[in-house]
Amino acid sequence: MAQTFDVVVIGAGPGGYIAAIRAAQLGYKVACIDEWVGPAGGPAPGGTCTNVGCIPSKALLQSSEHFEHARLHFSEHGISTGSVKIDVAKMVARKDAVVKQNNDGILYLFKKNKVTFFHGRGSFVRAVEGGYEIAVSGAQADMLLGRHIVVATGSRARALPGVAFDEDKILSNVGALRLTSVPKKLAIIGAGVIGLEMGSVWRRLGAEVTILEGLPTFLAAADEQIAKEAKKAFDKQGLKIELGVKVGEVKTSRKGVSIAYTTASGEAATLDADRLIVSIGRVPNTEGLGADKVGLQLDERGAIVVDEQCRTNLPGVWAVGDVVRGPMLAHKAEEEGVAVAERIAGQHPHVDFNTIPWVIYTSPEVAWVGATEQQLKAAGRAYKAGTFPFLANGRARALGDTTGMIKILADAATDQILGVHMVGPMVSELIAEAVVAMEFKASAEDIARICHAHPSLSEATKEAALAVDKRTLNF
Ligand code: FAD
Ligand code: NAI
């Protein structure tokens, strides 16, 4: 006899676990199924983000940044440390502990909100009157009946055609986050978000890192001016990025990996490395979900087809996060999870894709929200631009990190903010002000007239807003 729930969520990543909690808050009887197995063999809810994504990558970025600061920048402050060493095993153990805190936190939240958690794989069995039967296989085999189903099964790394991940020499994000020693030479294919973040970690720890990127433009999704500034900083750090390449055969041997490729100018080249990270995007997880059993519509990439409200082609079946269209970001998945739970309850939430922030946690950090200058030009929109460099910001000077700038784009006639682009220290935090401003349809003048604490990095945002009207005070 199946256990009956109002809402059954498949997947406990940021999309799924947040949808489950919100549905429970709204008074529903909720189950959440997740198959992730932690290092000790038990459940490890949190999905890619918690286990092999956002959280462990930020833990390693933090450790490696401390190491680089101690090695290169402490002396500027008059601090001498002697020779600085890194214990990679300890760094990785700390990262694992941070991940476990997050896994445990989600299990606690399930308990607190009375969400019933099932550790195992969930798949559609059939549609029945009043809902869908979902089988749970694995540690906790069971049969559930859900009136509403939320699919939040996430994504996994895309492999190069014919080059499978072995997580030893050829690494996806999973292997890249559990290296136990610093490779002497590290090759990366794909200069996207993962390539830049993981490349930064291992470069800071001493690896010679080369990133091969297929596109001729660096960070094509970002504002061109910001991407150029970021590239300059990465070049200076010794992160080697080759653009416009065509990757050919990849061979592994006991010694390492050899990648044949054609350079942008058409020359044949080979890159030899100890390890290779392939970070060329991700594919949605819909295999083994039983989509065919109920006629759930998938697109040609295997993603679940949804409308703007995350409704699938089946009544009562919803899908959120990486398994559907849109940016593959944890906060986008969370917002969709909340919205679906509220729609089930008859509410009318709204997720605005135009105000979803992007952040790359390198040093300098890169962050943006809204339209880029090249998008506005292509759309023929009349705009004004204001920029302010961190070089002229007192707090940045005190921090010893004056790389980068903030740029605000506003409508030429109404002054409404259309996009905000940042490269520099802590811009992952500064971007939140821009998101709030855009959500509230603020003008650049609104930000220019708001009192910002001194000395703070956020004054650079105010100054960029003043720059839109050509009246910066400190530059
Ligand atoms: P996921 O987090 O992938 O969770 C899906 C869960 O469902 C997994 O636990 C999976 O095991 C489980 N599952 C799948 N199929 C089944 C099934 N049939 N039955 C039961 N369980 C199943 N995003 C950011 O916003 N900020 C970042 O800093 C960031 N850093 C990242 C760093 C890396 C290295 C990577 C790889 C990704 C990063 N991302 C980041 C992206 C982010 O991780 C994803 O966008 C986010 O995890 C998507 O959430 P989700 O809930 O859709 O899916
Ligand atoms: P990505 O889409 O960010 O970057 C992939 C890069 O690989 C692109 O620049 C693309 O042009 C290049 N590429 C694709 N095929 C190639 C080939 N055959 N040869 C050479 N280059 C090739 O994907 P990535 O880095 O794998 O990350 C996946 C997703 O995870 C991101 O899109 C992002 O949504 C999410 N993520 C978010 C983070 C954050 O928010 N800070 C951190 C890490 C990941």
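The values are calculated or read from the model by the stated rules, or taken from the named source; none is laboratory data. Note that the structure is a prediction, hence the values are computed from the model and not measured. FYI the Cβ positions are ideal-geometry reconstructions off the backbone, even for glycines, and counts take in every protein chain you see.
Below are the figures for this structure:
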{"quantity": "Near pairs, Cβ below 6 angstrom, 6+ apart or cross-chain, from region 40-53 (over 15 Å from L109 (Cα atoms) and away from ligand 2 (no atom under 12 Å from the Cβ)) to any residue that is among the aromatic types (F, W, Y) and assigned to a strand (DSSP E or B)", "calculated": "none"}
{"quantity": "Check on E336, assigned by TED's automatic domain parsing to the domain that holds E76 and either hydroxyl-bearing (S, T, Y) or surrounded by 20 or more Cβ atoms within 10 Å (Cβ to Cβ) (or both)", "calculated": "yes"}
{"quantity": "Residue within region 312-330 that is in the same structural domain as S64 (by TED's automatic domain parsing), outside any loop (DSSP other than H, G, I, E, B) and among the aromatic types (F, W, Y) present", "calculated": "yes"}
{"quantity": "Considering residues of region 54-78 that are charged (D, E, K, R) and away from ligand 2 (no atom under 16 Å from the Cβ) only, the residue nearest to L329 (Cα to Cα)", "calculated": "E68"}
{"quantity": "Filter pass, G11 being within 14 Å of ligand 1 (Cβ to nearest atom), touching an Asp or Glu at 6+ places or on another chain (Cβ under 8 Å) and at pLDDT 95 or above", "calculated": "yes"}
{"quantity": "Residue that is surrounded by the most Cβ atoms within 10 Å (Cβ to Cβ), among those in region 251-268 that are in contact (Cβ under 8 Å) with a residue 24 or more places away in the chain and either farther than 18 Å from G192 by Cβ or over 29 Å from the mean Cα position of the chain (by Cα) (or both)", "calculated": "V257"}
{"quantity": "Any chance A371 is within 12 Å of ligand 2 (Cβ to nearest atom) and either at pLDDT 95 or above or within 22 Å of I431 (Cβ to Cβ) (or both)", "calculated": "no"}
{"quantity": "Some residue of region 224-240 being in the same structural domain as S63 (by TED's automatic domain parsing), of a type in the set (A, V, I, L, M, F, W, C) and under 26 Å from E167 (Cβ atoms)", "calculated": "no"}
{"quantity": "Residue ranges of helices (runs of 4 or more DSSP H) in region 141-253 with at least 2 members under 30 Å from V305 (Cα atoms)", "calculated": "173-176, 193-204"}
{"quantity": "Residue count for region 210-259, restricted to those that are modelled with pLDDT under 95 and within 14 Å of ligand 2 (Cβ to nearest atom)", "calculated": "0"}
{"quantity": "Check on V283, among the β-branched types (V, I, T) and within 17 Å of the chain's Cα centre (by Cα)", "calculated": "yes"}
{"quantity": "Residue in region 290-311 that is surrounded by fewer than 19 Cβ atoms within 10 Å (Cβ to Cβ), of a type in the set (G, A, S) and within 14 Å of ligand 2 (Cβ to nearest atom) present", "calculated": "no"}
{"quantity": "Residue within region 190-201 that is touching a Lys or Arg at 6+ places or on another chain (Cβ under 8 Å) and either within 15 Å of ligand 1 (Cβ to nearest atom) or touching a residue at least 40 places away in the same chain (Cβ under 8 Å) (or both) present", "calculated": "no"}
{"quantity": "Whichever residue in region 139-163 is within 13 Å of ligand 1 (Cβ to nearest atom) and under 19 Å from the mean Cα position of the chain (by Cα) and, among such residues, is farthest from A2 (Cα to Cα)", "calculated": "R158"}
{"quantity": "Failed condition for Y17, given (1) under 23 Å from E365 (Cβ atoms); (2) buried (at least 24 other Cβ atoms within 10 Å of the Cβ)", "calculated": "(1)"}
{"quantity": "Some residue of region 255-276 being within 16 Å of ligand 1 (Cβ to nearest atom) and out of contact with any helix residue (DSSP H, G or I) (no Cβ under 7 Å at 6 or more places or on another chain)", "calculated": "yes"}
